[in-house]
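Step one of this worksheet: look at the structure below.
The values are calculated or read from the model by the stated rules, or taken from the named source; none is laboratory data. None of the values given here were measured: they were computed from a predicted structure. With ideal geometry, Cβ positions are generated from the backbone for all residues, glycine too; neighbour counts draw on all protein chains shown.
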Ligand SMILES: [Fe+2]
C-alpha cells in the first residue's frame, strides 16, 4: 500500500442514499394492516396497479395513522442524513401492493416525487418455491445504479462493480430511496401473498426549497 500524501482529499460525488429501518411495534400493526389490505384488494379491481388514484393514508384507522407517523419519522431521518438543514414540508401518497403467486413489478421509478418508499407487511419465505434456475430471486427487490453504465469499466471491489443492489425485505422493514432510482420487484413464487404498502413523498412549496 502507498503512504497517503497529507494533501490528499477524497470527495464522494452524487451519493444515492438508501435507508432501511425496522419499525418498533410492527408485529401487532402488521396483522391489522394485512387484513385491511386484503379486504381492500377484495373490494377493488386492480387495486395494486391503480396506485395513482388512491391514498391509503387518507384514513382515521389507528394502524394506518401509526404507519403514516412512522413514515414521517423516517423521512425526517433521511433528510438529516442527507445533510439538509431544514426538513421540507411534504405530502405522502400511499397504496397497497398484493403480489399473489407469479406477480411482480417490472423495472420502474416514481416520477414527480422526491422520495419513494415501501413498508413490508408480509414477505413469504420462498424456500418452498419450485424454481429450476439458480439465477432467480423470488420475493426480492432490486435497485439499479442510476449512473448509467459506470460498471462497464469498473474493477472488482471499487464500489462501482455491481450495478444492482438486491435484498429480500423482512416484514416490519421500511425502505426509503430517491424516487428517481430504478427498481423492480421479483416474482412471488409461493401461494402466500407478498404484501406491502408503497408511498411517494412530494415536496410542497417547491419554490422555497429549490
Ligand atoms: Fe416502485
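Being within 16 Å of the ligand (Cβ to nearest atom) and over 14 Å from the mean Cα position of the chain (by Cα): is that true of residue 151 here? Spell out how you get there, then give the answer.
Working: within 16 Å of the ligand (Cβ to nearest atom): no; over 14 Å from the mean Cα position of the chain (by Cα): yes.
Here the answer is no, as residue 151 does not meet what is asked.
Restricting the search to the stretch 53-67, which residues are free of Cβ contacts under 8 Å to residues at least 24 places away in the same chain and within 23 Å of residue 104 (Cβ to Cβ)? Talk me through it step by step, then tell me what you get.
Filtering the stretch 53-67 down to residues free of Cβ contacts under 8 Å to residues at least 24 places away in the same chain leaves 53, 58-60, 62, 65.
Answer for the stretch 53-67, where residues must be free of Cβ contacts under 8 Å to residues at least 24 places away in the same chain and within 23 Å of residue 104 (Cβ to Cβ): just 53.
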Looking only at the stretch 161-210, which residues are surrounded by 16 or more Cβ atoms within 10 Å (Cβ to Cβ) and free of Cβ contacts under 8 Å to residues at least 40 places away in the same chain?
163
Picking from 76, 63, which residue would you name as being at pLDDT 95 or above, assigned to a helix (DSSP H, G or I) and closer than 25 Å to residue 15 by Cβ?
76
Count - residues of the stretch 121-135 that are modelled with pLDDT under 95 and either loosely packed, with under 15 Cβ neighbours inside 10 Å or within 24 Å of residue 17 (Cβ to Cβ) (or both)
8
Go through the residues of the stretch 86-108 one by one and say whether even a single one is assigned to a loop (DSSP other than H, G, I, E, B), touching a helix residue (DSSP H, G or I) at 6+ places or on another chain (Cβ under 6 Å) and free of Cβ contacts under 8 Å to residues at least 24 places away in the same chain.
yes
Selection count, the stretch 115-135, where residues are touching a strand residue (DSSP E or B) at 6+ places or on another chain (Cβ under 8 Å) and more than 14 Å from the ligand (Cβ to nearest atom):
4
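Okay, residues lined up against (1) assigned to a helix (DSSP H, G or I); (2) surrounded by 10 or more Cβ atoms within 10 Å (Cβ to Cβ); (3) modelled with pLDDT of 95 or more:
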{"residue": "4", "(1), (2), (3)": "no, no, no"}
{"residue": "9", "(1), (2), (3)": "no, no, no"}
{"residue": "14", "(1), (2), (3)": "no, no, no"}
{"residue": "31", "(1), (2), (3)": "yes, yes, yes"}
{"residue": "47", "(1), (2), (3)": "no, yes, no"}
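Does residue 98 fit the bill of being away from the ligand (no atom under 16 Å from the Cβ) and within 22 Å of residue 53 (Cβ to Cβ)? Step through it out loud before you land on a result.
On the way: away from the ligand (no atom under 16 Å from the Cβ): no; within 22 Å of residue 53 (Cβ to Cβ): yes.
Taking the combined requirement at face value, the residue does not satisfy it.
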Give the number of residues within the stretch 151-203 that are touching a strand residue (DSSP E or B) at 6+ places or on another chain (Cβ under 6 Å), assigned to a loop (DSSP other than H, G, I, E, B) and under 30 Å from residue 89 (Cβ atoms).
5
